[in-house]
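The values are calculated or read from the model by the stated rules, or taken from the named source; none is laboratory data. The structure displayed is predicted, hence computed values, not measured ones. Here the Cβ is made from the backbone with ideal geometry for all residues, glycine too, and neighbour counts use every protein chain on show.
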Amino acid sequence: MDSYGKKIGAHPESLMMGHGYVPEWSEGAIKPPLFLTSTFVFKNAEEGEAYFRQAYGMDPIDKEHPMGLIYSRLNNPVLEILEDRLRVWEDADSALSFASGMAAISTTVLSLCRPGDQVVYTIPVYGGTDFFFNHIAPAYQIEAIPVEAGSDVVEKIRQMDLPRLRMLYVETPANPTNLMTDIVAIAELKKERSRKPTQDEIDTKAILPGEVILAVDNTFMGPVWQQPIRQGADISIYSATKFIGGHSDLIAGVVMGRENIMNQVMLFRTILGTMTDPFTAWLMLRSLETLKIRMEAQSRSAIKLARFLEDHPAVGRVLYPGLLEEGTRQHAIWRSQCSGPGSLIAFEMKDASDKARAFRVLNRLTIAHLAVSLGGTETLVEHPSAMTHSDVSLEHQARAGITPGMIRVSLGIENIEDILEDFRQALDPES
């Protein structure tokens with residue numbers, strides 16, 4: 001056990017400084033070295049055989065005699081340390097790192113769904129995810145069915161004809177509207193829709209036969225402000241490019257969850273080759289050390305900007321969890337499953353259809369950067385309808401509440417007074 005082990009009951013932010021790493025194994029280096037190697041030497045042939053049998057699922061994972069290092073497509077010391085630390089945030093059985101958020105999403109869905117299966121997913125959802133469900137999944141005969149995110153998702157799903165339901169895929173808060181979906185309620189629905197496996201499924205050794213799987217995209221709030229696995233989700237998915245990476249200098253994804261599910265995802269990751277590389281994993285180890293303080297600072301700035309926008313005469317509506325009205329269902333969901341409001345804001349021009357006005361504001365900002373992505377140390381702004389969600393049909397955009405006059409903001413760690421002044425001058429019609 002490393003010196004930061006859970007034997008002392010440390011909080012996640014403390015464990016990010018050393019959990020999963022033994023300095024004595026690396027010449028006493030305080031930080032894990034970067035292992036830039038493609039392959040690893042076995043002590044003997046028997047050891048190599050045993051490792052490969054676990055890697056390819058021929059033998060079960062043995063915690064008493066864990067699979068050792070084989071090849072960096074399968075495992076690498078830096079990836080293993082990173083994944084040990086990531087799972088701490090949600091108390092997950094295991095975590096896996098990927099080459100991108102979309103690599104995490106696509107590998108997870110393809111590893112758990114089969115031809116004929118149905119996936120219900122909430123909208124709005126990240127544009128790449130929407131494209132995958134609408135254009136990639138059908139090629140594998142996976143039927144993906146959208147449902148509007150929000151307070152009444154469970155009621156809507158109960159009205160659907162879903163004889164082959166395999167996965168419930170939830171993004172909460174929704175991108176970009178910040179609509180909250182009740183994870184606990186969806187988890188209860190998952191239990192209702194799961195069934196006993198058929199004899200044919202048992203005979204053919206089907207994957208998790210009869211079980212409906214709940215996957216939650218936790219990119220917007222996690223892992224500091226929301227932990228879906230603690231709320232009953234089977235899988236928590238991240239674009240680690242965002243807050244986990246946090247410096248706009250890497251592309252990565254993360255999946256964490258239950259061991260039996262993660263073993264299947266890991267097998268597909270091995271064969272599809274969708275894991276992250278050692279250098280990116282090493283950068284994420286750096287970023288995890290400041291994750292909480294960055295997300296706290298960004299959240300403090302976000303609430304100030306949200307209140308400023310709410311009072312500005314050029315703004316028609318501000319969508320931000322920290323402004324949800326007490327007594328509403330949306331506020332109740334947020335308070336029950338989140339410990340903070342996050343740092344993503346969506347707001348609309350006074351005329352929600354005024355794309356030209358939204359573009360004018362975007363073009364006038366000088367400190368906030370006009371760029372897609374989120375969760376970095378710099379404030380970013382973008383136009384969802386024309387940019388991140390441009391591949392989403394206009395019909396689905398309308399259903400999901402994405403309007404031409406909407407702007408999405410991801411707060412960074414700049415001085416908030418500078419950010420407020422930047423938005424003030426950009427929104428001022430006279431300047």
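Taking the options F132, F40, name whichever one is within 30 Å of P163 (Cα to Cα) and modelled with pLDDT of 95 or more. Full working, then the answer.
Numbers: F40 fails: within 30 Å of P163 (Cα to Cα).
Exactly one of F132, F40 is within 30 Å of P163 (Cα to Cα) and modelled with pLDDT of 95 or more, namely F132.
So which pairs qualify, if the first residue must be in the range 137-162 and under 19 Å from L110 (Cβ atoms) and touching a residue at least 24 places away in the same chain (Cβ under 8 Å), the second must be among the polar types (S, T, N, Q) and surrounded by fewer than 20 Cβ atoms within 10 Å (Cβ to Cβ), the Cβ gap must be under 8 Å, and the two must be at least 6 apart or on different chains?
Qualifying pairs under 8 Å: I142/Q118; E143/Q118; A144/Q118; A144/N134; I145/Q118.
Looking at the range 319-345, which of the residues that are of a type in the set (G, A, S) and surrounded by 15 or more Cβ atoms within 10 Å (Cβ to Cβ) is nearest to I183 (Cα to Cα)? It would help to see each step written out before you state the result.
Residues of the range 319-345 of a type in the set (G, A, S): 322, 327, 332, 336, 339-340, 342-343.
Filter again for surrounded by 15 or more Cβ atoms within 10 Å (Cβ to Cβ), leaving 322, 332, 340, 342-343.
Working: G322: 19, A332: 12, G340: 16, G342: 17, S343: 20 Å.
It comes out as A332.
Consider A144 against the criteria (1) under 29 Å from S343 (Cα atoms); (2) assigned to a strand (DSSP E or B): it satisfies all of them except one. Which criterion is unmet?
Among (1) under 29 Å from S343 (Cα atoms); (2) assigned to a strand (DSSP E or B), A144 violates only (1).
Mind counting the residues in the range 288-298 that are of a type in the set (G, A, S) and buried (at least 20 other Cβ atoms within 10 Å of the Cβ)? Reasoning before the result, please.
First, pick out the residues of the range 288-298 that are of a type in the set (G, A, S): 297.
This time we only want the ones that are buried (at least 20 other Cβ atoms within 10 Å of the Cβ), so: none.
Count: 0.
Given the residues M349, M406, M387, which is the only one that is outside the structural domain of N134 (by TED's automatic domain parsing), surrounded by 18 or more Cβ atoms within 10 Å (Cβ to Cβ), aliphatic (A, V, I, L, M) and within 24 Å of the chain's Cα centre (by Cα)?
Working: M349 fails: within 24 Å of the chain's Cα centre (by Cα); M387 fails: surrounded by 18 or more Cβ atoms within 10 Å (Cβ to Cβ).
Exactly one of M349, M406, M387 is outside the structural domain of N134 (by TED's automatic domain parsing), surrounded by 18 or more Cβ atoms within 10 Å (Cβ to Cβ), aliphatic (A, V, I, L, M) and within 24 Å of the chain's Cα centre (by Cα), namely M406.
So that you can scan it fast, the table gives a plain yes or no per residue for (1) closer than 30 Å to R114 by Cα; (2) out of contact with any Cys (no Cβ under 7 Å at 6 or more places or on another chain); (3) not assigned by TED's automatic domain parsing to the domain that holds L411:
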{"position": "L267", "(1), (2), (3)": "yes, yes, yes"}
{"position": "I271", "(1), (2), (3)": "yes, yes, yes"}
{"position": "M275", "(1), (2), (3)": "yes, yes, yes"}
{"position": "T280", "(1), (2), (3)": "no, yes, yes"}
{"position": "M284", "(1), (2), (3)": "no, yes, yes"}
{"position": "M295", "(1), (2), (3)": "no, yes, no"}
{"position": "Q337", "(1), (2), (3)": "no, yes, no"}
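Could you check, for the range 279-290, whether at least one of its residues is touching a residue at least 60 places away in the same chain (Cβ under 8 Å) and more than 20 Å from the chain's Cα centre (by Cα)?
Taking every residue of the range 279-290 in turn, at least one turns out to be touching a residue at least 60 places away in the same chain (Cβ under 8 Å) and more than 20 Å from the chain's Cα centre (by Cα).
Please work out which residue is nearest to the chain's Cα centre (by Cα), limiting yourself to the range 361-376 and to residues that are part of a helix (DSSP H, G or I) and either in contact (Cβ under 8 Å) with a residue 24 or more places away in the chain or within 16 Å of A174 (Cα to Cα) (or both).
Restricting to residues being part of a helix (DSSP H, G or I) and either in contact (Cβ under 8 Å) with a residue 24 or more places away in the chain or within 16 Å of A174 (Cα to Cα) (or both), the top hit is L362.
I'd like the full set of residues that are surrounded by fewer than 22 Cβ atoms within 10 Å (Cβ to Cβ) and not in a strand (DSSP E or B), limited to the range 114-132. Don't jump to the end; show me each part of the working.
As a first pass, look at the range 114-132 and keep what is surrounded by fewer than 22 Cβ atoms within 10 Å (Cβ to Cβ): 114-118, 127-128, 131-132.
Within the range 114-132, R114, P115, G116, D117, G127, G128, F131, F132 qualify.
Taking the condition out of contact with any helix residue (DSSP H, G or I) (no Cβ under 8 Å at 6 or more places or on another chain), within 17 Å of R307 (Cα to Cα) and of a type in the set (A, V, I, L, M), does A358 pass?
Working: out of contact with any helix residue (DSSP H, G or I) (no Cβ under 8 Å at 6 or more places or on another chain): yes; within 17 Å of R307 (Cα to Cα): no; of a type in the set (A, V, I, L, M): yes.
Judged against the criteria, A358 is not a match.
Find the helices (runs of 4 or more DSSP H) located wholly in the range 1-109 whose residues include 2 or more that are of a type in the set (A, V, I, L, M, F, W, C) and within 19 Å of L285 (Cα to Cα), and list them.
Working: elements: 12-15, 45-55, 77-88.
It comes to 77-88.
Quick check on the range 70-92. Is at least one of its residues in contact with a helix residue (DSSP H, G or I) (Cβ under 8 Å, 6 or more places away or on another chain), over 30 Å from A10 (Cβ atoms) and either among the aromatic types (F, W, Y) or not assigned by TED's automatic domain parsing to the domain that holds G401 (or both)?
The answer is yes, given that some residue of the range 70-92 is in contact with a helix residue (DSSP H, G or I) (Cβ under 8 Å, 6 or more places away or on another chain), over 30 Å from A10 (Cβ atoms) and either among the aromatic types (F, W, Y) or not assigned by TED's automatic domain parsing to the domain that holds G401 (or both).
Just one of T379, T403 is touching a strand residue (DSSP E or B) at 6+ places or on another chain (Cβ under 9 Å), among the hydroxyl-bearing types (S, T, Y) and farther than 18 Å from P173 by Cα; which is it? Break it down into steps so the answer makes sense when it comes.
Details: T403 fails: farther than 18 Å from P173 by Cα.
Only one candidate qualifies: T379.
With the condition kept exactly as written, say whether any residue in the range 228-236 is more than 27 Å from A99 (Cβ to Cβ), surrounded by 18 or more Cβ atoms within 10 Å (Cβ to Cβ) and assigned by TED's automatic domain parsing to the domain that holds G376.
Looking through the range 228-236, none of the residues is more than 27 Å from A99 (Cβ to Cβ), surrounded by 18 or more Cβ atoms within 10 Å (Cβ to Cβ) and assigned by TED's automatic domain parsing to the domain that holds G376.
Looking at (1) exposed (fewer than 15 other Cβ atoms within 10 Å of the Cβ); (2) under 24 Å from Q425 (Cβ atoms); (3) polar (S, T, N, Q), which one does T377 not meet, given that it meets all the others?
With (1) exposed (fewer than 15 other Cβ atoms within 10 Å of the Cβ); (2) under 24 Å from Q425 (Cβ atoms); (3) polar (S, T, N, Q) applied to T377, the lone miss is (1).
Is there any pair linking a residue in the range 407-431 that is β-branched (V, I, T) to one that is surrounded by fewer than 13 Cβ atoms within 10 Å (Cβ to Cβ) and part of a strand (DSSP E or B), with Cβ under 8 Å and at least six apart or on different chains, and which?
From residues that are β-branched (V, I, T), there are no pairs.
Identify, from the list R286, R307, the residue that is part of a helix (DSSP H, G or I) and within 30 Å of E83 (Cβ to Cβ). Reasoning before the result, please.
Values: R307 fails: within 30 Å of E83 (Cβ to Cβ).
Only one candidate passes the filter, namely R286.
Inside the range 208-239, can you point out the residues that are modelled with pLDDT under 95 and either among the small types (G, A, S) or not in a loop (DSSP other than H, G, I, E, B) (or both)? Write out each step before concluding.
To start, the set of residues in the range 208-239 that are modelled with pLDDT under 95 comprises 208-211, 222.
Scanning the range 208-239 gives G210, G222.
Looking at (1) outside any helix (DSSP H, G or I); (2) free of Cβ contacts under 8 Å to residues at least 40 places away in the same chain; (3) of a type outside the set (S, T, N, Q), find the lone condition where A332 falls short.
Only one criterion is unmet by A332, namely (1).
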